[in-house]
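A short reminder: the numbers here are calculations on the coordinates, not readings from a lab. Source: prediction; values computed, not measured. Heads up, the Cβs are rebuilt from the backbone with ideal geometry, glycines too, and the neighbour counts pull from every protein chain shown.
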Amino acid sequence: MNVTPLLTAIQKKKFKPVYLLHGEEPYYIDIISDALEQSVVEEMHKSFDQSIFYGKDVEISTLVNACRRYPMMSSHQLIVIKEAQDLKWNKDSDLLLKYLENFSTTTVLVLEFKYAKFDKRKKIYKAVQSRGEIVESKKLYDNQINGWIETYIRNKGYKIHPQASMLMAEYLGTNLTKVANELDKLLLNVSAEKEIIPKDIEENIGISKDFNVFEFTSALGKKDVFKAIQIVDYFAANPKDNPIVPMFGMVGSYFTRILKYHYLSDKSPQSIARELGVHPFFAKEYVGAARNFSKSKVFYVFKQLRKYDLKCKGVNVGSLTTDADLLREMVFHILR
């Protein structure tokens, strides 16, 4: 999602009387709320004109009374309700609705409603919609993280190789706050004049450029038994950084893309990239993997994934069997 226009308006001190920031992804909620905290009230006046409450600790009546106060040292006062999802919305919510119908022009109210969507059927939602700003921060799907990383890097004035961004996407997951923190750490240690490559990821974030889940799935797709087992051995030596359960999900996603490829009518690189949700750079990899794995073979792989996923959770497996043993055994079944 693009919040740049909103952040620009905040920086220019074009404030709305109320902001409802809601959704399952806290990253954008924090970004917008932080921008308001930096812009509405100057640092020297925050003890007078900025108030931060927590939803579980504040009554709506107290909140409304705070909103009706006048700022002492600034043009506006800022009222931030963190964890607004914990407010007692069914108690005294009419008080907040009446305030929104006749709000103070010198108050900026921010409702941080995290990890859930606000009920759009509520009158309060419609009141905010007509008078303020509503931002729904949606959680990204796994196949959207790679593109998000590339956009983030580009907006910072850097370039990143597709393999490097894919490597980070596979390992860091969908927690955008975590991803952004790791990217910021990376950018402190690389030059904007050069393209970020997998080696930079290894040196600055600690993700091996040669022994990672991305290289593991690639080895499976190429039916490279030696490389796949090498990577499994690396995982076994570093179990804390390479837990087995998420590995099944990543391998499953890889073979799901191979299956999707088989059903594509248009197998041009652009179509492959679009339909599989990957960078065009990787289109040829799925062409090769599809040659090695027919539709029926892919379904067989899914069967093995389900089987070994259960085994790693203790179903029909000996007490001395390790996660690495199961992963090696699964590799041999998939590549036989």
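Could you give log10 I(q)/I(0) at q = 0.14, 0.16, 0.23, 0.26 Å⁻¹ for segment 173-235, computed by the Debye formula over C-alpha point scatterers of equal weight, without solvent? Relative scattering, expressed as log10 I(q)/I(0), comes to -0.52, -0.64, -0.95, -1.03. Antiparallel as a % of all DSSP beta bridges within segment 4-136, to the nearest 5? If I count the DSSP bridges inside segment 4-136, around 5 percent turn out antiparallel.
Filter the chymotrypsin sites (Phe, Trp or Tyr not before Pro) in segment 209-305 to those in DSSP coil with at most 11 other Cβ atoms within 10 Å of their Cβ, and list the result. Of the chymotrypsin sites (Phe, Trp or Tyr not before Pro), the ones in loops of segment 209-305 whose Cβ has at most 11 other Cβ atoms within 10 Å are Tyr263.
Over the chain, what lengths in whole Å, largest first, do the semi-axes of the equivalent ellipsoid take, defined as the square roots of 5 times the eigenvalues of the alpha-carbon gyration tensor?
Values: eigenvalues 456, 100, 74 Å².
In descending order the semi-axes read 48, 22, 19 Å.
Hydrodynamic radius of segment 49-116 by the Kirkwood approach over all distinct alpha-carbon pairs: 12.1 Å.
Which entries in the list Lys14/Lys123; Lys14/Lys91; Lys16/Lys88; Lys117/Lys297; Lys12/Lys194; Lys267/Lys303 go over 29 Å, if you measure between the two C-alpha atoms of each? The pairs that break the limit, which is 29 Å between Cα atoms, are Lys14/Lys91; Lys117/Lys297; Lys12/Lys194.
Beyond 16 Å, the tail of the calculated P(r) for segment 213-335 holds 61 percent of the Cα pairs.
Is the shape of segment 142-205 rounded, prolate or oblate, going by the alpha carbon gyration tensor and its root eigenvalues a ≥ b ≥ c, with a/c under 1.5 for rounded and a/b larger than b/c for prolate? Show your work: numbers first, answer last.
On the way: a/c = 1.45, a/b = 1.39, b/c = 1.04.
It comes out rounded by the Cα gyration axes.
For segment 59-110 versus segment 116-191, the spacing of their alpha-carbon centroids is 29 Å.
Computed over the chain with a Gaussian network model linking Cα atoms closer than 10 Å, the most mobile of His22, His45, His262 is His45. Across q = 0.21 Å⁻¹, segment 1-113 modelled as identical point scatterers on its alpha-carbon atoms has Debye log10 I(q)/I(0) values of -1.22, in the order of the q list. On the principal axes of its alpha-carbon atoms, segment 89-191 has extents of 53, 28, 19 Å, going from largest to smallest.
Relative contact order of the chain, please, whole-number percent, based on alpha carbon pairs below 8 angstrom and at least 6 residues apart. Can you show the working numbers first?
Working: 447 pairs, mean separation 49.5, N = 336.
For the chain, the relative contact order is 15 percent.
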